[in-house]
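Some notes on the structure that comes next.
The values are calculated or read from the model by the stated rules, or taken from the named source; none is laboratory data. Predicted model only: the values in this text are computed from it and were never measured. Cβ placement follows ideal geometry from the backbone for every residue including glycine, while neighbour counts extend to all protein chains displayed.
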Amino acid sequence: MAFDYDLFVIGGGSGGVRAARIAASEGGARVALAEESRMGGTCVIRGCVPKKLMVFASGYPQAIADAREYGWDARVDGFDWVAFRTRLHGELDRLEGVYRAGLTRAGVEIFDCRATIADPHTVALADGRKVTAKHILVATGGHVDFPDAAAREIGISSNEVFHLDALPERLLIVGGGYIACEFACIFTGLGAKVTQLYRGAQILRGFDDEARGLLAEEMRDRGVDIHCGTTIIGMERGADGIRVRCSNGHEHLVDQVLFATGRSPNTAELGLEEAGVRLGRRGEILVDAYSQTNIPSIFAVGDVTNRINLTPVAIREGHAFADTVFGGKKRAVDHELVASAIFTQPEYGAVGMTEEEARELHRIEVYATSFRPMQGAFIGRSERVLFKLIVDAKSRKVLGCHIVAPNAGELIQMAGIAVKMGATKEDFDRTVAVHPTISEELVTMRTPVRTA
Ligand code: NDP
C-alpha cells in the first residue's frame, strides 16, 4: 500500500522535531509534522528556555549586592519586567523560527494544526483532511495538572508566568518539585515575597535527603518562606488580593497563587485508545525500549511516555527512533545515569543514586563535604555548598554524585561523564584538583563521613 508519508509526527516539541529532522535528512524519509500550538514545545516556549532566562534575570540583585561588598559602586534601581518580558518573547520567537527552519531545510512538511490518530496508518487533521503514513510518532508532551477546579480558576501555572502583566509582589507557590522550587527562587530573586507550600515533609521528594535538606535551608536563608506538611484549605479573591487559608493555621494574602503540582501526559482525545494503543495508569503511552507501542506502526517519545521527563531524554528518544526505523541502526535509549539539575539558587545537580536508594542495594561509603565558598565567605555571606559522592564499597564505583552549589548544573554535566563511564572513587582521587575552585572538593575527599 502506498502511504502519503513514511512518517507522520504529532507534536513539534524537542522529541518530535528531532525525530522528524533525522528521519527526513539522514533516513531519506518523506516526513510530515503537525503542531497545534507553537513549534518548539514545552521546553522552548513555556519551560526550560524562558525559565532559564528568568533565572539569569533573578540573579542580578544578589550579584550587584555582592559587587558592592567587593568595593564596586553598584546599585539596583528596580527591575523593568515589561522590558524583560518583551525581550524574552522576542527570543522565543527567534528560537521558534530556528526550529521551523530546521524542519523545512530537512524537507519536513509542517501542518500548523491539531492532528489525531484515525487508525494505525491514518492521521486526521483539524481541518478535516486525512493523510496516511507508514509510521506515526506521537510526541505530544504533557500538560499542567491543577489539584482541583478552585486552583484552576484562581491560580496560575508555569504556562502563565511568562505572560504576566505585572510581577506579583506577594506570591504563594504550591508544590515541592522542580518547577515550584525553581520559581520560588526566581521570584524571590526578582524581589517578590514568596511563600511555598508543600504537602510532604521535605521539598524535592525523590532527591538525596542531605542535598534537599541543605537546599531547603539555603532557600529559606534567601527569603523563601517554605511551609512543609501544609496544604490549602480555602482561597478567596478579594479587593486586596487572594486570601489563602492553610492547613497549618496560617493565612496568606497574596497577589498570585502559582500551582506547580505536576504534569501529565497529553494523550486525551488523540484517538490512541480507539487505535488500540495501550496506555498506563497515568495516561502515558506504554512503549518498549525502541519507543514502539503495542501497535507496530505507532511509536511515542518524550513526556507523553512518562519515562524520564527531561528535554535531552526526549531528544535522545526521538533520535534513536529515527535511527532505528529509518537509519538502519537499531538503537534503544539508555535511561541509566541521566544527570539533571534544578535551577534553584543555589543550583542542585544530581546523577545516579541517592544515598537512600544506594543503601537499599549496596554496601556504601559516603563522602561528603559542606562548606562556605571563598567568594561568599569573603564578604560574610553564610551560603553553604555540598559535594557528595556515594561509593559502592565493593566495586569502588561512584554510584551517585550530588552537588548543591552555584552552577551545579554545569558541574554535574562534567561529573556525569565520569559517573557514566563507571569511574571509581580512586579514579576521582587520582585526578589532580583545579585550584582554587569550589568543585576541587570532588577529588579531595579522603575519608568517608559514613558507611552503611
Ligand atoms: P513534580 O512532579 O516534580 O512535582 C510536583 C509537586 O507537586 C510535588 O511536590 C508533589 O508532591 C506536588 N503535588 C502533586 N499533586 C499535588 C496536589 N494535589 N496538592 C498539592 N501538591 C501536589 O512536577 P513539576 O510540576 O515540578 O515538574 C514536572 C516535570 O517537569 C518534572 O518532573 C521534571 O521532569 C520536569 N522539569 C524539569 C526541570 C529541570 O530539569 N530543571 C525543570 C522543571 C520541570 P509529592 O512530592 O508529595 O508528590
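Quick one: how many residues across segment 151-175 are part of a helix (DSSP H, G or I) and loosely packed, with under 14 Cβ neighbours inside 10 Å? Give the derivation first.
Residues of segment 151-175 that are part of a helix (DSSP H, G or I), as a first pass: 151-154, 158-161.
Still in the list and also loosely packed, with under 14 Cβ neighbours inside 10 Å: 153, 159-160.
Counting residues in segment 151-175 that are part of a helix (DSSP H, G or I) and loosely packed, with under 14 Cβ neighbours inside 10 Å gives 3.
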Scope segment 174-193; condition farther than 15 Å from LEU215 by Cβ and in contact with a strand residue (DSSP E or B) (Cβ under 6 Å, 6 or more places away or on another chain); matching residues | VAL174, PHE187, ALA192, LYS193
Taking LEU171 as the residue in question, decide whether it is among the hydrophobic types (A, V, I, L, M, F, W, C), over 30 Å from GLY376 (Cβ atoms), modelled with pLDDT of 95 or more and away from the ligand (no atom under 11 Å from the Cβ).
-> no
Of all helices (runs of 4 or more DSSP H) completely enclosed by segment 283-388, which ones contain at least 2 residues that are among the acidic types (Asp, Glu) and either within 16 Å of the ligand (Cβ to nearest atom) or touching a strand residue (DSSP E or B) at 6+ places or on another chain (Cβ under 9 Å) (or both)?
-> 355-361
Output the number of the condition that PHE371 fails; it satisfies all remaining conditions of (1) closer than 23 Å to THR451 by Cα; (2) surrounded by 15 or more Cβ atoms within 10 Å (Cβ to Cβ).
-> (2)
Restricting attention to segment 224-240, the residues that are loosely packed, with under 15 Cβ neighbours inside 10 Å and among the hydroxyl-bearing types (Ser, Thr, Tyr) number exactly 1
Might you let me know whether segment 264-279 holds any residue that is modelled with pLDDT of 95 or more, within 11 Å of the ligand (Cβ to nearest atom) and out of contact with any Leu (no Cβ under 6 Å at 6 or more places or on another chain)?
-> yes
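Let me confirm something: among ALA65, ALA57, ALA32, which residue is surrounded by 13 or more Cβ atoms within 10 Å (Cβ to Cβ) and part of a strand (DSSP E or B)? Before you say what the answer is, go through the steps one by one.
Numbers: ALA65 fails: part of a strand (DSSP E or B); ALA57 fails: part of a strand (DSSP E or B).
The match here is ALA32.
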Collect the residues in segment 357-392 that are more than 18 Å from GLU426 (Cα to Cα) and hydroxyl-bearing (Ser, Thr, Tyr), keeping them in residue-number order.
-> SER370, SER382
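Which of the residues spanning segment 68-91 are among the aromatic types (Phe, Trp, Tyr) and surrounded by 13 or more Cβ atoms within 10 Å (Cβ to Cβ)? Give the steps one after another, and end with the answer.
Of all residues in segment 68-91, those among the aromatic types (Phe, Trp, Tyr) come to 70, 72, 79, 81, 84.
Selection gives PHE79, TRP81, PHE84.
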Can you run down the residue pairs with Cβ atoms below 7 Å, 6 or more apart or on separate chains, where the first is in segment 429-449 and on the phi < 0 side of the Ramachandran plot and the partner is among the β-branched types (Val, Ile, Thr) and part of a helix (DSSP H, G or I)?
-> ASP429/VAL443; THR431/VAL443; ALA433/VAL443
Mind checking which residues of segment 394-406 are more than 13 Å from LEU214 (Cβ to Cβ) and out of contact with any His (no Cβ under 7 Å at 6 or more places or on another chain)?
-> LYS394, SER395, ARG396, LYS397, VAL398, GLY400, CYS401, PRO406
Confirm whether ARG243 is in a strand (DSSP E or B) and free of Cβ contacts under 8 Å to residues at least 12 places away in the same chain.
-> yes
Which of (1) crowded, with 19+ Cβ neighbours inside 10 Å; (2) in contact with an Asp or Glu (Cβ under 9 Å, 6 or more places away or on another chain); (3) touching a residue at least 60 places away in the same chain (Cβ under 8 Å) does GLU284 not meet, given it meets every other one?
-> (3)
Looking at segment 214-223, which of the residues that are in contact with a strand residue (DSSP E or B) (Cβ under 8 Å, 6 or more places away or on another chain) and within 19 Å of SER58 (Cβ to Cβ) is surrounded by the most Cβ atoms within 10 Å (Cβ to Cβ)?
-> LEU215
